Amino acid sequence: MKQQLRLDHQLCFPLYAAARKVTGLYTPYFKPLGITYTQYIVFLVLWENDDISVKDLCSRLYLDSGTLTPLLKKMEKDGYIIRKRSQEDERVVKITLTERGREMEEKAAEIPMNVGSCIPLSETEAADLYTLLNKLLKREASGL
């Protein structure tokens, strides 16, 4: 077997497996709220910056509009957001939280602390990993 094809030689695999494990830690906290991980990260962006374009939301989450649009339609149907065309440019769709969407912030406030306590990394290790992963994402986004 070629060494480069061994699973334990692939950087992508531990990234993939760790991401699945970490996002899985959120599931018990999302079930009572009736949301998914992807909806949660959409909420995180909107709680920071309400009334954002779909394009900017996609950029912030490293997702394409084909992935995000069905999710946003569901969130609108569930009463969390409003999707509306920009008055300045009809091609731009803006996302705004409803009152129900803003109320979700209070309900989700304890999730980061609860999940963080389940991840077996020291504060320094977690900060180092965060820095490295963001460095990787920023380089990928800039095409390097």
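The values are calculated or read from the model by the stated rules, or taken from the named source; none is laboratory data. Keep in mind the model is a prediction, meaning the values are calculated, not measured. We place every Cβ from the backbone using ideal geometry, glycine too, and count neighbours over all the protein chains shown.
General observations
- Yes/no for Met113 being in contact with a helix residue (DSSP H, G or I) (Cβ under 8 Å, 6 or more places away or on another chain) and within 24 Å of Pro32 (Cα to Cα): no
- When segment 63-82 is limited to residues that are farther than 18 Å from Leu44 by Cβ and basic (Lys, Arg), the one that is nearest to the chain's Cα centre (by Cα) turns out to be Lys73.
- Residue list for segment 20-43, restricted to those being under 17 Å from Thr69 (Cβ atoms) and under 8 Å from the mean Cα position of the chain (by Cα): Thr38, Gln39, Ile41, Val42
- Selection status of Asp8, touching a Cys at 6+ places or on another chain (Cβ under 7 Å) and exposed (fewer than 11 other Cβ atoms within 10 Å of the Cβ): no
- Test: residue in segment 83-95 that is modelled with pLDDT of 95 or more, surrounded by 13 or more Cβ atoms within 10 Å (Cβ to Cβ) and outside any strand (DSSP E or B): no
- Test for Lys31: is it touching a residue at least 24 places away in the same chain (Cβ under 8 Å) and either among the charged types (D, E, K, R) or surrounded by fewer than 11 Cβ atoms within 10 Å (Cβ to Cβ) (or both): no
- Residues of segment 41-54 that are in a helix (DSSP H, G or I) and exposed (fewer than 14 other Cβ atoms within 10 Å of the Cβ): Glu48 alone.
- When each of Ser86, Ser65 is tested for being in contact (Cβ under 8 Å) with a residue 24 or more places away in the chain and among the polar types (S, T, N, Q), the lone residue that passes is Ser86.
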